[in-house]
Each structure stands twice: as C-alpha cells, then as structure tokens.
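Quick note: the coordinates plus some simple rules give every number you see, no bench work behind them. Every value quoted in this text rests on a predicted model; they were computed, and no experiment measured them. Don't worry about glycine lacking a Cβ; one is built from the backbone with ideal geometry, like all the others, and counts go over all protein chains shown.
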Amino acid sequence: MRWFWVDRFTEFVSGSHAKAIKTVAMDEECVDEYLPTYPVLPPTLIIEGMAQLGGILLAEHFEFRKRLVLAKVGKATFHAPARVGDQLFYEAKLDGIQDNGGTIEGVSTCDGEVQAEISLMFACLEGSDIVDGPLYAAEDLHAWLLSLDFYSVAVGANGQRFPRYAAFQTADSVPAPT
C-alpha cells in the first residue's frame, strides 16, 4: 500500500473485531487541500482507513493467503467532519464471511461521539484474470503490521497471541514478532 490511513492498532481479536486510531494532521497534503480554509480529512479517506482496518481483519481470517479487495461501500454515513487535531477511533466488526469474501461493519468515533458509520464488502480475487500474482509483497504487509503494533495487541479467538503466519514465511528480512 502506498498510503496508510490507520496510525496504530489498539485491539485485534481474530474472527471478531479490530480497533485502531487515526490522528488527523495538518501536514497531510489531502487535509490541507481538500477544502481550502477548512482543513478536514476527506470522508473517502475515512472509508479507506476503515477498509484497511477491516481488510486486515478479514485477511487474517484467511491467514493472509487470499487476495482481498474492497468491492463495495454498502453504507457510509458521516455525522461530523474529521478536523485537524481530531483523533478518530476506528472499530471494524466482522459481519459475514464467505469463501469468496466478507462484510465488515465499521464505526468511527471522535471525542466519544459517533463520527461515521460504514458498511463494507470485500471480495477474493482467487482464480481471477483481473490480477496476476499477489496484490502486495508478503514482507511489505508483515512490516506494515509490525509498524502499526498489530502483533502487540492481536490475539486469537482463544485469547492467545498469534504465531507467525505461513504467508509471511518468505518475509525473512523482517524480524518475527515476539
């Protein structure tokens, strides 16, 4: 991924939900230029942040072995803008899982108030002519998860910490989680 719209994972329970934080900063070009004289995080990037969080939640269910893409934004309701200095608390919950994808229900809150409600659908591209090969390098995703404290907070449904995923075994240049 080129840009990340999640700053840090705060909670991750396999097969259930994930939580993360995004702080809106003025030094992000999109914030400064979206609405001149009224710096806010564009709503589409809040959707993207929620898609990144929910996509990781769903991809982990498949042990990062399937190619998942955001297929549909079913609902996106914004109750307030995300202004500079705001800290958004994202929560994504698995709503449904099928062999060919899944759905996520997401909520963004700010200062204890609901900021946005988002429903997302993801599709697997397995056996597809659309994309040949992986959507990302395993070592890149593994490094991203490390930098966002994923392994520090992630637990399985049984409450135990995660082992290293087979999909990341080629990521030898990146240290394994402790």
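Structure data summary
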| quantity | calculated |
| --- | --- |
| Environment charge of Ser16, counting only residues whose C-beta is closer than 13 Å and scoring Lys/Arg +1, Asp/Glu -1 | -3 |
| Spin-label model distance (nm) - Phe162 vs Asp27, 7 Å beyond Cα toward Cβ | 2.8 nm |
| Formal net charge of residues neighbouring Glu117 (Cβ-Cβ distance under 13 Å; K, R +1; D, E -1) | -2 |
| Convex hull volume per residue for the chain, taking Cα atoms only, in Å³ | 127 Å³ |
| Relative contact order (%) - criterion: Cα under 8 Å, at least six apart; region: the chain | 25 percent |
| Asp111 versus Asp140: modelled label distance in nm, points set 7 Å from Cα along the beta carbon direction | 3.8 nm |
| Theoretical gain in end-to-end length, Glu63 to Lys93 [0.36 nm per residue, Cα-Cα removed] | 9.1 nm |
| The range 18-74: Cα Rg divided by the 2.2 N^0.38 Å rule of thumb | 1.39 |
| Relative exposure of Lys72, Lys19, judged by other C-beta atoms within 10 Å (fewest first) | Lys72, Lys19 |
| Most fluctuating residue given options Ala143, Ala51, Ala92, as computed from a GNM of the chain linking Cα atoms under 10 Å | Ala143 |
| Potential extension, Trp3-Val155 segment - 0.36 nm per residue separation minus Cα distance | 52.2 nm |
| Helix-only CD estimate at 222 nm, as mean residue ellipticity for the chain, using -39500 (n - 2.57) per DSSP H run (n ≥ 4) | -6500 deg cm²/dmol |
| Residue with peak Gaussian network fluctuation, the chain [Cα springs, cutoff 10 Å], from Ala59, Ala80, Ala138 | Ala80 |
| Which of Ile104, Ile21 has the fewest Cβ neighbours within 10 Å, and the rest in rising order | Ile21, Ile104 |
| Estimated inter-spin distance, Ser16 and Thr37, nm [label 7 Å along Cα→Cβ] | 4.9 nm |
| Summed side-chain charge close to Ala25 - residues other than Ala25 whose Cβ falls under 13 Å, Lys, Arg +1, Asp, Glu -1 | -4 |
| Nearest 10 degrees, 0 to 90: helix 138-147 Cα axis against the chain principal axis | 50 degrees |
| Fluctuation leader among Lys22, Lys75, Lys93 - the chain, Gaussian network, Cα springs under 10 angstrom | Lys75 |
